[in-house]
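First up is the structure itself, then whatever we jot down about it.
The values are calculated or read from the model by the stated rules, or taken from the named source; none is laboratory data. It should be emphasised that the depicted structure is a prediction, and the values quoted were computed from it without experimental measurement. Glycine also receives a Cβ, built like all others from the backbone with ideal geometry; neighbour counts cover every protein chain displayed. The area values use the complete protein model at the heavy-atom level, side chains included, leaving out ligands, DNA and RNA. Shrake-Rupley method; radii C 1.70, N 1.55, O 1.52, S 1.80 Å.
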Amino acid sequence: MKLFKIQRTLLYALFPILIINCNNSKSSVNDEKTRAQNDSISILIKRSKNKKHPLQYRKNNLHKAYNFNKNQKNDSLKNKALLEISYIAYKLMDSSFFKKTNKEAYQLSYKLKDYFSIADTYWNNGLFFFKKEILDSAYTNYYKAFKLYEQLNQLKKSGIMLHNMAIIQNNIKDYTGSEILSFQAISKFNKEKHHINLYRCYNNLGIIYNNINEFEKAIKYHNIALKHLANVINKKTLQEGSLNNIGLVHQKKSKHNDAIKHFKQALKNTSLKKNNPNLYAKLIDNLAYSRLLNNDTVNIRQEFYKARRIRDSLKFISGVLISDLHLSEYYRYKKDTIKAIKYAKESLSLAKNVHNNRDHLAALKLLSEIDPKNATKHLTNYLSLSDSLHHNERKLRNKFARIRFETDEYIEEVNKQSSEKVMIATISFSTITILLLLYFVRHQRSKNRELQLETAQQHANENFYNLLLKQQSKLEEGRLNERLRISQELHDGVLGKIFATRMRLDFLDIKGTNEMQQKFQLYLEELQGIEKEIRVISHELKNELLSNKSDFIQIIEHLVMEQSALLNFRYQIEEKDNLDWNRITDVVKINCYRIIQEALQNINKHSKANNVSIQFSISNNILLLNIKDDGIGFDVKKHKTGIGLQNIADRVKKLNGTFVTTSNLGQGSLLRIHIPI
Amino acid sequence: MHKHSVLIIDDHPLIAEVYESALLNTSSKNNARNFSITIVDTCDKAIEKIRKATAIDLVFLDISLPISSDGSFLSGEDIGIAIRKRHPNTKIIVSTTYNDNYRVHNILKSINPEGFLIKNDFNRKDLVAAITAVLEGKPFYSITVLNLLRAHLNLDFFVDKIDRDILYELSIGTKTIDLTNVIPLSKGGIDSRKRKLKEMFDIVNESDKTLVQLAKEKGFI
């Protein structure tokens with residue numbers, strides 16, 4: 001029964017290691033203030049940590065540090081400080097402050113997506129609840145921390161969590177569960193040879209096997225624990241603790257001499273009394289008790305009292321009540337029933353006060369043995385308490401299983417969420433990428449289409465010109481054919497007939513006066529003259545071909561004519577320098593056509609011109625096109641960007657030509673266009 | 001008394017009648033002549049006659065005749081060539097309304113007729129004189145033809161058939177790109193001939209139109 005208490009004293013608090021970066025070497029001058037604050041925070045924290053200062057002073061400093069830290073910007077630095085403040089609050093058992101700070105640390109860590117720190121807050125919570133003996137909450141927090149560390153691949157920290165959980169399961173007598181967790185923790189620590197942690201695990205295993213009466217294994221594991229401890233530099237009083245535990249194993253299996261030997265060995269450490277008075281008292285008490293069990297009662301009463309005094313001075317109630325239990329047994333052994341009952345009852349009431357159920361049970365059991373009058377009552381109490389404890393343990397064990405399950409689910413959910421987030425991010429990223437690609441493809445396509453359109457436009461222009469040309473030449477052909485026909489008709493038909501008639505008249509032997517004959521000859525000659533005239537006409541009809549204007553000029557003339565019919569202006573189209581239009585490409589021609597069209601539209605809209613003159617000439621392979629009107633004119637500077645002029649400028653530019661506009665208000669305007677050919 | 005066999009080829013019956021009258025007029029003036037006259041008005045009939053006849057003394061040949069039914073005789077010019085081939089001694093009087101230099105020149109070259117009359121150039125007297133002259137073995141050319149020949153004598157450069165063809169095609173408005181279809185030369189060849197012609201006429205930088213105008217003035221077409 002005493003084992004429980006001892007066990008608890010052997011639970012070493014394992015805390016997250018907090019590293020505080022007070023000085024950020026990278027900080028600039030502007031960060032001076034922040035740095036100063038960080039410094040003051042670190043000083044305050046140091047003060048609150050110093051065990052030499054009174055508790056209240058330490059608390060005050062911690063609160064101050066917290067208030068300073070609160071004003072910092074939300075970064076990892078602030079979070080680290082907050083975590084440490086929270087941990088110190090736990091150490092000082094400032095419950096509400098701890099809860100507050102740890103919660104804030106959790107929220108900030110969550111915000112910063114700092115999963116290490118989230119796990120650390122769980123750990124802090126676990127420690128806090130464990131100290132408050134709210135085992136299920138402690139277990140939940142350890143388990144959550146464990147899961148996170150596991151994911152972050154933190155072997156050491158996840159091992160420590162397993163160990164903490166193993167201790168809780170040991171406490172509720174779930175030895176198998178505790179054993180499994182311990183071994184899991186050991187496997188984690190083994191990878192990186194964390195001797196101190198391995199020591200703790202093996203120590204716990206030793207305690208477990210002692211509890212289930214497997215003494216050989218218990219001693220074996222305690223020895224392994226001691227071996228690991230040999231590698232630890234700062235041993236503190238752990239070795240004495242282990243010796244105590246081994247002694248207890250021997251005590252339990254009634255190897256009292258071995259037990260006494262181990263206790264004595266532990267007590268050889270003279271500084272123990274000062275460094276760990278609790279353990280010292282415990283060793284004295286256990287040694288005395290073993291001697292009692294070994295029927296060696298010499299001076300053990302003083303030893304029991306000595307231990308009790310030390311424990312009392314440390315206000316270690318659970319220790320005091322164990323001393324009382326041992327004293328009760330001592331007095332029973334000395335047959336001093338009254339004193340035995342008195343100490344037993346005292347331990348019972350103390351156990352009730354501190355809710356120490358196991359020692360409560362031990363006290364009841366002892367009382368039922370030494371107080372025969374109330375034996376039945378004590379035994380009944382013992383049984384009901386034992387039953388309810390057993391029941392509670394059962395419940396807790398089940399609860400732990402549930403906690404594990406629920407936490408797994410919770411972690412899975414978090415993972416799912418984060419994987420969902422990753423998925424969402426991936427999907428949105430790829431969607432954006434696809435959209436961008438689509439946009440580019442579309443853009444490119446529309447560009448291509450534009451180019452195609454431009455090409456098509458050019459083709460259309462050419463086709464247009466060709467059509468114009470074809471139409472023109474058809475018209476011309478019809479006209480020419482008609483002329484040829486008339487010419488032919490005149491030449492072959494009419495001329496021949498007149499000729500034949502004249503000749504036949506000539507061959508008629510006209511009898512008459514001389515005068516008459518002379519007149520006859522005159523008429524014949526006149527007829528011959530008419531023939532000549534007809535022949536000339538016929539020839540001219542044919543030869544008109546040569547003096548024909550070029551097709552292009554005819555097209556232009558047609559265009560200008562239509563416009564002039566609308567607007568009633570007179571026009572003049574001139575070709576100079578024997579322009580050979582065959583030398584000029586269709587592209588230039590069609591653009592000239594369009595330019596004239598555009599210019600005529602301008603004249604049409606604005607100029608109110610009476611005369612328009614269009615002049616083509618050529619010199620040094622440059623085609624000159626002048627379009628002149630006598631309209632109202634315009635301000636060249638102002639209207640430079642008018643759509644009509646802009647279109648002309650664009651076309652000229654396309655042909656690598658130049659283009660000059662001269663105009664004055666009221667004096668008409670002149671467009672001079674030079675196009676290289 | 002020798003009887004002259006005469007073939008009149010003209011699609012105008014009235015004109016044929018005129019020649020007949022002229023011949024009769026000659027014979028009545030000079031009783032020594034006697035004519036046996038045949039008149040045909042198509043190429044086909046003319047060819048038939050030429051092939052069948054053993055000897056023809058005189059032919060009146062019109063140039064503008066409808067094309068023969070088999071398409072091998074395009075005009076009187078081809079008939080004239082055929083007569084020259086078949087009956088080398090036959091005297092031919094070409095009588096035509098054509099008076100453009102190109103055509104006249106071509107006829108002079110291909111048929112080399114004894115008489116060359118441009119209708120409308122002559123009257124009864126001229127016609128009778130022409131017949132008489134030709135029958136007597138003297139050539140007789142109308143004034144227009146004589147003027148043309150004189151103009152050519154004045155030229156100190158040579159313009160051959162292909163040059164003339166090119167000039168002619170240009171004058172009737174044949175496009176440069178279509179020239180290769182009617183002239184048996186490549187485009188390069190045609191261009192170089194055109195350039196040479198322009199050099200001869202001293203109009204290197206001028207258009208084809210100018211060339212045609214000048215060629216016309218000079219009597220090549």
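Before moving on, here are some points about what is shown:
- Solvent-accessible surface (1.4 angstrom probe) belonging to A:Asp635, in square angstrom, nearest 10: 70
- Residue-wise HN-Hα coupling along the range A:294-310, computed from phi with Karplus coefficients 6.51, -1.76, 1.60 (Hz; x: Gly, Pro): 8, 6, 10, 9, 5, 6, 6, 4, 4, 4, 4, 5, 4, 4, 4, 4, 4
- About the centre of its Cα atoms, the protein assembly as shown shows a dipole size close to 12420 debye [charges on the beta carbon of Lys, Arg (+1) and Asp, Glu (-1) only; nearest 20 debye].
- Counting all C-alpha pairs of the range A:424-477, share separated by more than 16 Å (%): 64
- Each residue, B:Ile67 and A:Leu453, gets one label point 7 Å from its Cα in the Cβ direction; the gap between the two is 5.3 nm.
- Relative intensity, log₁₀ I(q)/I(0), of the range A:123-214 from a Debye sum that treats every alpha carbon as a point, q = 0.15, 0.17, 0.19, 0.23 Å⁻¹: -0.52, -0.66, -0.82, -1.13
- Rg over Rh, two decimals, the range A:413-547 (C-alpha only, Kirkwood Rh): 1.82
- Computed [θ] at 222 nm, deg cm²/dmol, chain A (DSSP H ≥ 4; -39,500 (n - 2.57); rounded to nearest 500): -25000 deg cm²/dmol
- The share of alpha-carbon pairs in the range A:272-382 lying farther apart than 19 Å comes to 43%.
- Exposure rank, largest accessible area first [A:Tyr221, A:Tyr305, A:Tyr199; 1.4 Å]: A:Tyr305, A:Tyr221, A:Tyr199
- Between A:Ser95 and A:Thr376, the FRET efficiency from the beta-carbon distance, with R0 = 56 Å, is close to 0.85.
- Whole-Hz couplings from phi, Karplus 6.51/-1.76/1.60, listed for the range A:162-168; x for Gly and Pro: 4, 4, 4, 5, 4, 5, 4
- Average other protein chain Cβ within 10 Å of Cβ, residues A:272-285: 0
- Legend: calculated FRET efficiency, B:Arg51 to B:Thr174, from the Cβ-Cβ distance at R0 = 56 Å, rounded to 0.05, equals 0.95.
- Sequence-distant contacts, meaning Cα pairs under 8 Å at least 6 residues apart, place the relative contact order of chain B at 15 percent.
- With the simple spin-label model, which puts each label point 7 Å out from Cα in the Cβ direction, the A:Glu489 to A:Ile43 separation comes to 12.7 nm.
- Share of carbon and sulfur in the accessible heavy-atom surface of the range A:413-547 [1.4 Å probe, %]: 61
- Estimated FRET transfer efficiency (A:Glu133, A:Glu216; beta-carbon r; R0 35 Å; 0.05): 0.60
- The mean count of C-beta atoms from other chains within 10 Å of the C-beta of residues in B:118-129, rounded to a whole number, is 5.
- Inter-chain shielding of A:493-506 (mean C-beta neighbours from other protein chains, 10 Å cut-off): 6
- Just checking the listed ones, B:Asn205, B:Asn120, B:Asn34: in the Gaussian network model of chain B with Cα springs under 10 Å, the one fluctuating most is B:Asn205.
- Projected onto their three principal axes, the Cα atoms of the range B:1-94 cover extents of 42, 27, 18 Å, largest first.
- Computed from the Kirkwood radius of its Cα pairs, the Stokes-Einstein diffusion coefficient for the range A:551-676 at 4 °C and 1.567 mPa s stands at 89 µm²/s.
- The heavy atoms of A:Arg504 offer some 80 square angstrom of accessible surface to a 1.4 angstrom probe.
- Across q = 0.21, 0.23, 0.24 Å⁻¹, the range B:133-221 modelled as identical point scatterers on its alpha-carbon atoms has Debye log10 I(q)/I(0) values of -1.00, -1.15, -1.23, in the order of the q list.
- Per residue, the convex hull spanned by the Cα atoms of the range A:166-295 measures out at 100 cubic angstrom.
- Of the residues A:His194, B:Ile111, A:Ser388, the one whose Cα sits farthest toward the positive end of the charge dipole of the protein assembly as shown, with +1 on the Cβ of Lys and Arg and -1 on the Cβ of Asp and Glu, is A:Ser388.
- Occluded residues from the range B:85-115, i.e. those whose accessible area drops by 30 Å² or more once the chain is not alone (1.4 Å probe): B:Thr97, B:Tyr98, B:Asn99
- Taking the square roots of five times each eigenvalue of the Cα gyration tensor of the protein assembly as shown, the equivalent ellipsoid has semi-axes of 148, 31, 21 Å, listed largest first.
- Spin-label model, A:Ser388/B:Asn181: points 7 Å from Cα along the beta carbon direction are separated by 12.5 nm.
- Square roots of 5 times each gyration tensor eigenvalue, C-alpha, the range B:41-133, largest first, Å: 21, 16, 12
- Amide hydrogen neighbours beyond the local backbone of B:Ser95, cut-off 5 Å, H modeled: B:Leu61, B:Asp62, B:Ile63, B:Leu117
- Solvent exposure of the range A:551-676 amounts to 54 Å² per residue of accessible area, where only protein heavy atoms count and the probe is 1.4 Å.
- Within straight-line cross-link reach of A:Lys273, aspartates and glutamates at Cα separation under 16 Å, skipping those fewer than 8 residues along the same chain: A:Glu240, A:Asp285, A:Glu303, A:Asp312
- Computed from protein heavy atoms with a 1.4 Å probe, the total accessible area buried between B and A is close to 2700 Å².
- Whether the range A:73-175 is rounded, prolate or oblate, judged on the alpha carbon gyration tensor where a/c under 1.5 counts as rounded: oblate
- Within the assembled protein chains, the solvent-accessible surface assigned to A:His558 is about 90 Å², based on a 1.4 Å probe.
- Every helix of 4 or more DSSP H residues in chain B counts as -39500 (n - 2.57), and over all residues that averages to -16000 deg cm²/dmol at 222 nm.
- Kirkwood hydrodynamic radius of the range A:472-619, Cα pairs, Å: 19.7
- Mean Cα-pair separation over length for chain A, i.e. relative contact order, pairs under 8 Å, 6 or more apart, %: 6
- For a modelled paramagnetic label at B:Ile162, 7 Å from Cα along Cα-to-Cβ, the residues of the range B:184-220 in reach, with backbone nitrogen under 12 Å, are B:184-194.
- Placing unit charges on each Cβ (+1 for Lys and Arg, -1 for Asp and Glu) gives the protein assembly as shown a dipole about its Cα centre, and among A:Gly633, A:Val354, A:Ala649 the Cα reaching farthest toward its positive end belongs to A:Val354.
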